[in-house]
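Written below as structure tokens is the structure these notes are about.
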Amino acid sequence: GDEAGVGAGGAAASTAAGAQGGEGEESTKKLTFAEQLWDSFEVVWRKRVEPSQRLLEQVTALLHNRAELERKYGESLCGFQIACELQEEDSVHSAVDAMLGNFKNRGEQSLELAENIDQDIVAFFEAVIKQHRDTSTRIFRDVQVLTRYLSEKRQSYEKAVRRYASRCSEAESVAQECLQGLAMKTIDRMKLAQKATILSKQARAAEHEYYACIDQANKAQFVYDTHMPSVFTALQELEEKKALCMKDGLMKLIVYETSWLRNMQYDIDAIIKSNEGIDAAADVQRFIKLHEGQRKATSQLAPQAFWHLGSFKDASPMDRLVKQREVQESIKRFMDTEFKEPLKALLAGEADPSVPPLKEQLDQIRANITDGRRRSALCQVLRQELLAKSPNTEDLNNAKTVTVPLASLDLLATLLRAALDSCEEQADSWCGRDIMVLVNHINAIGEGGKSVLLITRVYNHALWNKVSFWEEVLTMGLCEAHSVEALTRRVLPAGSQFSQPPMTPFLEKFVGYMMAFGINFAQAQTSVYSTLRKLQQVLGASQKTYAKLLLQHHAPPSTQTDPPPGETSAAGAAAAAPSASASGYPAEGADEPQPDGWGDSSGGRQMEAPPAEGGGFSGAGGFDDDFEAVALGLAPEGSPIGTSNPGGGEAQGEAADGNGSEGDTTQPPPAPPPAPAPAPAAAASSATLERDTEDAAKSPTSE
């Protein structure tokens, strides 16, 4: 069976060798695998046959990729187009058309080159690779059979040699001992003779096996020597054929590349002729003659209002307030049905507050003041009444101080304190801000003709001690200023431009309001810095400008004379505090005031720091809500702050006109002599009020 397999392998090798194509005889002796590499089949196979096969496969794959790239390149060039229409009479258009024709021709030639490479070269290489792979596989398998057959016979021969030598040597030794054992006992010599006989027979059998293995090994070597020359000859012919195939394929590629290059040169020559025929001046003159006409007058662009531009020019700016209309209508209804009549009578002094109808109405208002809409209605009615008595202004800050009977002042203080309680419980900083401004514009004449300001009745409320309240009020003022700017743009002439950060009278007097409630300048400055730092992402580059605008009119003077005995002004209290720059942030390297350390009882009102979570403004987020709603007095939907006065930023308190006060009913200050109107930095603060401010700050009842 082994010899039959070897014979089949040799026949296949002989068939492959018969397919050899003859070449001319060389002048020198031709070297062959069979003679020079007889014992190096592994070297021939590993270092020549397999590498040449891989090389042919890789070249085939490379040419296939080249054909694919040429095909994609040609398809892309054929797809180039120009959207405009080309005119034949225009020389430039003719040159462009020649360029497009060149692109198209080059693309078609690239497609043809790709097709030739694929069909003529790659297909030929793939057929050769398949044929040689099959032949090489059969040859390698036959060589393995021959080698294994020869190796097995050689191994059998080596075993027979060892066995033959061992058996013969042992039999010879025992035979000599048996023949020379004359003095041995008979029984021992008989045993030795029997052993010599057995070993002699084993040596004869080993001898026959040894001679048979010699014959088989010689036959195997003969078969190996007979077929291996044919194997080496077939491998050498395959290698030569592979090289010739590679040569023919690469030569065809050169021919195709040369054809492609010459066609491209012809197209380039045509483009050169088209470019040389371009006459730019003649083309322009021809165009002018076809389209000549009279010159039209031109007009310069002028600014237009924003609502006349863009896709939203017909949209009303108030369309985004649809969700707030229901709240507005309810507030308007409360103003007309519950608040306007009793508050108007109370401010005018036309009715006795102790009379049951008015008293019941006021008690009902106080009971329902926990409703945020009713608090907003209360502030709106008071604002309207104060502005009605100042026909020359529409800003509450510029309104005159309204004098009411002392009993009306006490009832108003009761209502406002109840409203402030609800503002504190519900975090309603909007109404709290309105009340803060309103109380600076209402007073009464007490005993001895002394003026009693409404601010003295609510001065000790806990809401004024909260850091978060003042931060939220300043945030509201800044947002309202920007909202008012956005609304003002509609009424300004087209082309108007804002160059400074928006400011309102309320923002200009904000620090004055803080100082009117007993907060010294250092504490107010700390609050402003802290709030602006939280709004850095919202305000951007205008942050430092706002710090300067908010503080510049309220900074204490560098030197301050001692006040008269028994009198302490708010300005003096502010001057006693650590001095800070009034033109922006503290100088570099200076200790900046911290929001959680707002002075002490000796330097101003003891402030309550904001809680760690909730209870105040926590960052710059939340200011992308509906600013128009804010400007009209309505908080954005879902806001816990409630409502505010309309007009956006009109809660802008002027300095109160009172010359003195009787003090809070819970903390009556001594009656002072009349004093001139205070400066804006200490709005609503007379000499008596200032004493009351300092006493209230030290009082155990103040927070």
Residue by residue through the stretch 178-204, note down the ones that are free of Cβ contacts under 8 Å to residues at least 24 places away in the same chain and under 30 Å from LEU150 (Cβ atoms). ARG204
Identify all residues within the stretch 63-98 that are closer than 30 Å to ILE121 by Cβ, hydrophobic (A, V, I, L, M, F, W, C) and buried (at least 17 other Cβ atoms within 10 Å of the Cβ); write none if there are none. LEU63, ALA67, LEU77
Can you tell me which residues in the stretch 230-261 are open to solvent by less than 60 Å² (accessible area, probe 1.4 Å) and more than 60 Å from the chain's Cα centre (by Cα)? SER230, VAL231, PHE232, THR233, ALA234, LEU235, GLN236, GLU237, LEU238, GLU239
If I filter the stretch 67-80 for residues that are out of contact with any Leu (no Cβ under 7 Å at 6 or more places or on another chain) and outside any helix (DSSP H, G or I), do I get at least one hit? yes
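Here is a yes/no grid of residues against (1) at pLDDT 80 or above; (2) of a type in the set (Ser, Thr, Tyr); (3) over 14 Å from VAL404 (Cβ atoms):
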site	(1), (2), (3)
VAL322	no, no, yes
VAL327	yes, no, yes
ARG333	yes, no, yes
ASP336	yes, no, yes
PHE339	yes, no, yes
GLU350	no, no, no
VAL355	no, no, yes
ASP363	yes, no, yes
Where a residue in the stretch 419-437 is more than 21 Å from LEU507 (Cβ to Cβ) and its partner, wherever it lies, is at pLDDT below 90 and open to solvent by 10 Å² or more (accessible area, probe 1.4 Å), with Cβ under 6 Å and at least six apart: SER422/THR370; ALA427/PRO640
Would a scan of the stretch 349-361 turn up a residue that is part of a helix (DSSP H, G or I), over 26 Å from PRO505 (Cα atoms), in contact (Cβ under 8 Å) with a residue 24 or more places away in the chain and in contact with a helix residue (DSSP H, G or I) (Cβ under 7 Å, 6 or more places away or on another chain)? no
Looking at the stretch 390-428 only, could you name the residues that are part of a helix (DSSP H, G or I), hydrophobic (A, V, I, L, M, F, W, C) and in contact with a Gly (Cβ under 8 Å, 6 or more places away or on another chain)? LEU396, LEU406, LEU420, CYS423
Just one of GLN176, GLN119 is part of a helix (DSSP H, G or I) and more than 60 Å from the chain's Cα centre (by Cα); which is it? GLN176
Return yes or no: is LEU62 modelled with pLDDT of 90 or more and in a helix (DSSP H, G or I)? yes
Contact list please: Cβ distance under 8 Å, first residue in the stretch 505-525 and within 15 Å of ILE435 (Cα to Cα), second residue hydroxyl-bearing (Ser, Thr, Tyr), pairs at least six apart or on different chains. MET514/SER527; ALA516/SER685; ALA516/THR693; PHE517/TYR459; PHE517/THR693
Looking only at the stretch 286-304, how many residues end up being open to solvent by less than 100 Å² (accessible area, probe 1.4 Å) and at pLDDT 75 or above? 4
Scanning for something without any contact (Cβ under 8 Å) to a residue 40 or more places away in the chain and of a type in the set (Phe, Trp, Tyr), does the stretch 220-227 turn up at least one residue? yes
So SER52 passes all but one of these: (1) at pLDDT 85 or above; (2) closer than 30 Å to ILE271 by Cβ; (3) of a type in the set (Ser, Thr, Tyr). Which condition number does it fail? (2)
Residue satisfying condition, being open to solvent by less than 10 Å² (accessible area, probe 1.4 Å) and within 15 Å of GLY432 (Cα to Cα), within set ARG375, ARG383: ARG375
Say whether the condition of being closer than 21 Å to ALA516 by Cβ and hydroxyl-bearing (Ser, Thr, Tyr) is met by at least one residue in the stretch 419-426. no
Every residue from the stretch 270-281 that is surrounded by 11 or more Cβ atoms within 10 Å (Cβ to Cβ) and at pLDDT 85 or above: ILE272
So ALA12, is it buried (at least 16 other Cβ atoms within 10 Å of the Cβ), closer than 17 Å to GLU240 by Cβ and either at pLDDT 50 or above or not hydroxyl-bearing (Ser, Thr, Tyr) (or both): no
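The values are calculated or read from the model by the stated rules, or taken from the named source; none is laboratory data. On a predicted model such as this, the values are computed, not experimentally measured, just so you know. Quick reminder, even Gly has a Cβ in these numbers, built from the backbone with ideal geometry, and neighbours come from all protein chains shown. We work out accessible area using only protein heavy atoms, side chains counted, and drop any ligands, DNA or RNA first. Shrake-Rupley method; radii C 1.70, N 1.55, O 1.52, S 1.80 Å.
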